[in-house]
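What follows is a short report on a single structure.
What follows draws every value from the coordinates through simple rules; no lab data is involved. Predicted, not measured: the structure shown is a model, and the values here were computed from it. Ideal geometry is used to build each Cβ from the backbone, glycine not excepted, and the neighbour counts take in all protein chains shown.
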Amino acid sequence: MPRTTILTARPALQRLPTRPGRLVQSVLQRIIPFALNWQKLQIRPGNAAEQLARAFSAQQRGETTLLLAFRHPSSRDPLVLADLFWNRVPQEAKQLGLPLPRRIELRYLYDRGIPIWAGPVIGWLLQRCGGIAIHRGRLDRPALKEARQVLSQGRHALVVAPEGATNNLSGEMAPLEPGVAQLAFWALEDLAKVDDQRQLIVLPIGIRYSWRQQNWTALDQRLSRLEEHLALSQEPTQTDPQPRQRLLQIGSVLLDALEQLERIPNEPDQSFAERLAAFRQHGLQRAERHFGLRASGTVQERCRRIEQAAWDRIYRDNLETLTPLGRSLADWEAREADLQLTRMRLVEHVSSVSGHYLEDKLEFDRCGELLLVVEDAIGWLQNRPINTGPSLGPQRVELSVGDALPVVTRLDQYQRNRRQAVGSLTDALQQALQDLMEPE
């Protein structure tokens, strides 16, 4: 996430309507394979194209309505999924002799903040490709209503990322947000009211990135470049330390600097994980105190509330009616809000830099992912990219689809205890996505 510097309050954010355009989709449909080739990203569709071809065929026959929930490890996921849905699934359906009378057009939820940092062109493309912009840090009733209608009408599949944000780790998933399960139950109630017999199913989609070759030499050189950048010298007794130890040492130096920045005392007997948790808590609590927010929920949920509170102070209604003094105070408040937003971004950037990701499996892909996370965090702190060294090589992305999760069988439980039913469906989806994270 690029860092921005807010100096003045800005006009309130307007709701971005969904404005799908077939011409835009057709152009992108042809461009995307070239973009993937340019990125040297090889797609391995696995069973995903066939499973989705069957699912879309049933949907277009009027048998089901679809909610597609995908793992979201990378900002490249939308490009990968667009190629899957628009190119590979229709080709697979044709080979299988499955009827797809209509072209595949999707509706999907995306964060309203994306056009802020990615720019208006990206925002325009998201609208034209069927995107439903949602404010994740508050109850966005118009966006939720539109998504609910998409599911209950069933003409378009609804695509969501239940993690809410990327973590840049293919082997570790963030806790899922319960809103996806709640949407499914709302739509199921709508179907039941009109005696619509279509099944509403949730399909989990796994996305896993890896390097095509394990280039340990390049990894070693990039670690050395990073150690040099941080003035971190190797001890003579550690002529060939393991990548895990080197990454943890780099992470420790980074955490030292952040603790000094935030004036957090470093207890001598604290482990790296404990220090990281303390830094995370400090950053979130400080921002929450500034905005008067309650500290509850997962790290992701707390970050989204902080983000929304900052936006409420940066993007203001009726700026033109303020007196000169009022406008100056609004600008002041916007700058302070941006500072707290930056503090929250720090937490997001370093939360993945921990040792347990490599304790479970010390493999090249995990080392490479964690290295990129650390490089990105340091580059973000410096407000400029660092000189990283040789490429780790071209990547591949493996796609998979898990078993469908029917929702109608959970309707009785939902009517008895809504919170419990939503939690149960969220847990089932979390487990299904977790199962898809392991390479075949």
Q. Once label points are set 7 Å from the Cα along Cα→Cβ at both Glu438 and Ile264, what is their separation, rounded to one decimal in nm?
A. 3.4
Q) Roughly how compact is the chain, stated as its Cα Rg over 2.2 N^0.38 Å to two decimals? A) 1.04
Q: Multiply the residue gap between Glu320 and Val24 by 0.36 nm, knock off their C-alpha separation, and tell me the result in nm, one decimal place.
A: 102.9 nm
**Q.** All-pairs Cα distance distribution in the range 1-159, expressed in whole percent, bin size 5 Å
**A.** 1, 8, 16, 20, 21, 15, 10, 5, 2, 1, 0, 0
Q | Label-to-label distance, nm, for residues given as Gln285 and Glu228 (7 Å Cα→Cβ offset) | A | 4.1
Q) What Rg and what Dmax come out for the range 216-382 when only alpha-carbon atoms are used, in angstroms? A) 19.4, 68
Q: Could you grab the relative contact order for the range 216-382? Cα pairs under 8 Å, six or more apart, rounded to a whole percent.
A: 27
Q. R0 = 30 Å: FRET efficiency of Leu362 with Ser391, Cβ-based, nearest 0.05?
A. 0.90
(Q) Given a 10 angstrom Cα cut-off, can you work out which residue in Asp412, Asp365, Asp331 is the most mobile in a GNM of the chain? (A) Asp412
(Q) Could you give the length gained by full extension between Asn47 and Arg212, i.e. 0.36 nm per residue of separation minus their alpha carbon distance, to one decimal place? (A) 57.4 nm
Q: Measure off 7 Å from each Cα along the Cα-to-Cβ vector at Gln431 and Trp117, then give the distance between these two points in nanometres to one decimal.
A: 3.4
(Q) Can you compute the helix-only [θ] at 222 nm over the chain? Use -39500 (n - 2.57) per DSSP H run of at least 4 residues, normalise by all residues, nearest 500 deg cm²/dmol. (A) -17000 deg cm²/dmol
Q | Percentage relative contact order, the chain, counting C-alpha pairs under 8 Å, at least six apart | A | 28
